[in-house]
Amino acid sequence: MKISKRARYFLSVIFTVLGFTLAVILNSVVPQKADVTFSQHEVFGLALTSNDAYRIVLYALIIYYLITGIIYYNYEDRRKKYLNSARFRFVMGILLFLWDLLGTKLQVLPQPFFPGPAGIMEAFVAEGDYVLQNTIYSLRLYFYGFVIGVATGIITGILVGWFPRVRYWLSPVMNVLGVIPAVAWMPFALTIMPTAFSSAVFLIAVSVWGLVATLTSTGIMSTPKTRFEAGRVLGGNEFYLVFHVAIPHALPQIFTGITTANGYAFTTLVMAEMMGQPGGLGYYINASKVWSAYYKVFAAIIVMAILFSLITKVIELVQRYVLRWQKGVVK
């Protein structure tokens, strides 16, 4: 019997949430053999344990993927993406199933180094405000450092790519600084900068600046001469050639530099917070590790992963909008 495309699609929707559903059933039905107690905490006026919170997350994922699966059926592009991700989501649900079984229910995994998902939720349930406070601190550090690094990197790249004299003096500097990890400048940053916050911003900006500057200058210099000749024929002056010919041509490489530098910035952010900041997710990890509260370490890592994914998505959306002229030209 041949299955229709519609039926096949909705079977993939069921398959998507099947792993998470099995994880809920395991958490609800299988008894707790290990000697673990979950204390209750008040969250938004509700008395919840970390195990309750974990179950709520699973329910939320199931409902979200069911609703989006139904909605995306009417949109071809989103429907294809949903279908392609169905197996991955199923595997994620099964991994949560196994993690809960081995880390919480049976505690086969070494404790306290590998707590179960319910144990990790304890950090959010017990001290969610403190986690949020450190998350906001990290976002402030990241935002200032990343924006400054991207802005100075683009300006430097344009100057190096357009003016031979600037290239003569700055290219060797960029080549040398580009191979030095930003964290290596930590002692100098702490000495020169007035506060620990500004020193971390400096380190993040340095980690971003070199890569963005290099790819921007490469994009400017690789602009075909025929485009400049066409611009001059149309009466364009040097300003016009830079901002209407060279920079638009370099935009794909500029965004490549920004996307890649995003990972460097996040790495530098965490290391800077672990080496002298009064707050942030890196600081939270360091403090938790001292007290062997590894469930808090995992909680901070999960928050970092979510933040990095969201920031990367925002950069992709901006890139897609700015380079919308490439749609249909570049696969």
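The values are calculated or read from the model by the stated rules, or taken from the named source; none is laboratory data. Keep in mind that this is a model prediction, so the values were computed, not measured. No Cβ is skipped: glycine too gets one built from the backbone with ideal geometry, and neighbour counts run over all protein chains shown. Just so you know, the surface numbers come from the protein's heavy atoms only, side chains and all, with ligands and any DNA or RNA stripped out. Shrake-Rupley method; radii C 1.70, N 1.55, O 1.52, S 1.80 Å.
Using a 7 Å offset from the Cα along the Cα-to-Cβ direction at both THR267 and LEU95, what is the distance between the two label points in nm, to one decimal?
2.1 nm
Return the loop-located chymotrypsin sites (Phe, Trp or Tyr not before Pro) in the stretch 65-149 (DSSP other than H, G, I, E, B) with at most 16 other Cβ atoms within 10 Å of their own Cβ; answer none if there are none.
Details: sites: TYR65, TYR72, TYR73, TYR75, TYR82, PHE88, PHE90, PHE97, TRP99, PHE113, PHE124, TYR130, TYR137, TYR142, PHE143, TYR144, PHE146; in loops: TYR73, TYR75, PHE113.
Passing both the DSSP loop test and the Cβ count: TYR73, TYR75, PHE113.
Can you tell which of VAL36, VAL150, VAL208 shows the greatest fluctuation in a Gaussian network model of the chain with Cα springs below 10 Å?
Taking springs between Cα atoms under 10 Å, the residue moving most is VAL36.
Starting from the Cα of ILE180, step 7 Å along the direction of its Cβ; do the same at LYS80; then give the gap between the two resulting points in nm.
Those two pseudo-labels are separated by 4.8 nm.
Longer than 19 Å from Cα to Cα, which of LYS5/LYS81; LYS81/LYS313; LYS5/LYS313 are they? Say none if no pair is.
Working: LYS5/LYS81 15 Å; LYS81/LYS313 15 Å; LYS5/LYS313 30 Å.
Table pairs above 19 Å Cα-Cα are LYS5/LYS313.
Using the Karplus curve 6.51 cos²θ - 1.76 cosθ + 1.60 with θ = phi - 60°, work out ³J(HN,Hα) for each residue of the stretch 39-55 in order, rounded to whole Hz, and write x for Gly and Pro.
Along the stretch 39-55, the couplings run 7, 8, 9, 8, 10, 6, x, 10, 8, 10, 9, 5, 5, 4, 5, 4, 5 Hz.
Can you tally the net charge around TYR240? Count Lys and Arg as +1, Asp and Glu as -1, for every other residue whose Cβ sits under 12 Å from the Cβ of TYR240. Write down the numbers at each step before the final one.
Details: positive: ARG227, ARG232; negative: GLU238.
Every neighbour counted, the sum reads +1.
Label SER171 and ALA47 with points 7 Å out from Cα along Cα→Cβ: what is the distance between them in nm?
7.2 nm
Report the far tail of the P(r) of the stretch 207-331, meaning the percent of Cα-Cα pairs longer than 17 Å. Display every interim value, and only then the final one.
Values: 5291 of 7750 pairs.
Here the tail beyond 17 Å accounts for 68 percent of pairs.
Can you show me the helix-derived [θ] at 222 nm for the chain, built from DSSP H runs with n ≥ 4 at -39,500 (n - 2.57) apiece and divided by the number of residues, rounded to the nearest 500. Display every interim value, and only then the final one.
On the way: 12 runs with 246 residues, N = 331.
Calculated at 222 nm, the ellipticity per residue is -25500 deg cm²/dmol.
Can you give the Rg to Rh ratio of the stretch 128-322, both from alpha-carbon atoms, with Rh computed by the Kirkwood formula?
Across the stretch 128-322, the Cα-based Rg/Rh ratio is 1.07.
Using a Förster radius of 35 Å, what is the FRET efficiency between PHE228 and THR195 based on their Cβ-Cβ separation? Nearest 0.05, please. Please report the intermediate quantities before stating the final value.
Working: r = 46 Å, r/R0 = 1.30.
According to the calculation, E is roughly 0.15.
May I ask you to give the percent of accessible area on the stretch 189-246 that is carbon plus sulfur, with a probe radius of 1.4 Å?
Values: 2030 of 3060 Å².
Carbon with sulfur: 66 percent of the solvent-accessible area.
Just for the Cα atoms in the stretch 18-108, what are the lengths along the principal axes, largest first, rounded to whole Å?
49, 34, 15
With θ taken as phi - 60° and the coefficients 6.51, -1.76 and 1.60, list the Karplus ³J(HN,Hα) couplings across the stretch 177-183 in order, rounded to whole Hz; mark glycine and proline as x.
Result, rounded to whole Hz: 5, x, 9, 8, x, 4, 5.
Distances longer than 33 Å among the Cα atoms of the chain: what percent of all pairs is that? It would help to have the intermediate numbers written out before the result.
On the way: 25390 of 54615 pairs.
The share of Cα pairs beyond 33 Å in the chain comes to 46 percent.
Taking 45 Å as R0, compute the FRET efficiency from the Cβ-Cβ separation of ARG6 and VAL30 and round it to 0.05. Can you show the working numbers first?
Details: r = 36 Å, r/R0 = 0.79.
Given R0 = 45 Å and the Cβ-Cβ separation, E is 0.80.
Please determine, in degrees from 0 to 90 and to the nearest 10, the orientation of helix 76-100 with respect to the longest principal axis defined by the Cα atoms of the chain, where the helix direction is its Cα long axis.
Once rounded, one gets 50 degrees.
Give, rounded to the nearest 20 debye, the magnitude of the charge dipole that the chain has about its Cα centre when Lys and Arg contribute +1 at Cβ and Asp and Glu contribute -1 at Cβ. Mind dumping the intermediate values first?
Working: 26 positive and 13 negative charges, 333 e Å.
Approximately 1600 debye in magnitude.
How large is the Rg to Rh ratio of the stretch 79-200 when both quantities use alpha carbon positions and Rh follows Kirkwood?
1.18
Can you list the residues, at least 5 places off or on another chain, whose amide H is less than 5 Å from the amide H of HIS41, using H built in the peptide plane?
Result for HIS41 returns LEU48, THR49.
What does the accessible area per residue of the chain come to in Å², with a 1.4 Å probe and no ligands, DNA or RNA counted? Don't skip to the end; give the middle numbers.
Numbers: 19360 Å² over 331 residues.
Computed with neighbouring chains in place, this is 58 Å² per residue.
Each residue of the stretch 312-325 in order: what ³J(HN,Hα) in whole Hz does its phi give by Karplus 6.51 cos²θ - 1.76 cosθ + 1.60, θ = phi - 60°, with x for Gly and Pro?
Karplus-based 3J(HN,Hα) across the stretch 312-325 equals 4, 5, 4, 4, 5, 5, 5, 4, 4, 6, 5, 9, 5, 5 Hz.
Ignoring ligands, DNA and RNA, please state the percent of accessible area on the stretch 46-104 from carbon and sulfur, probe 1.4 Å. Mind showing how you got there, number by number?
Details: 2430 of 3630 Å².
The computed percentage sits at 67.
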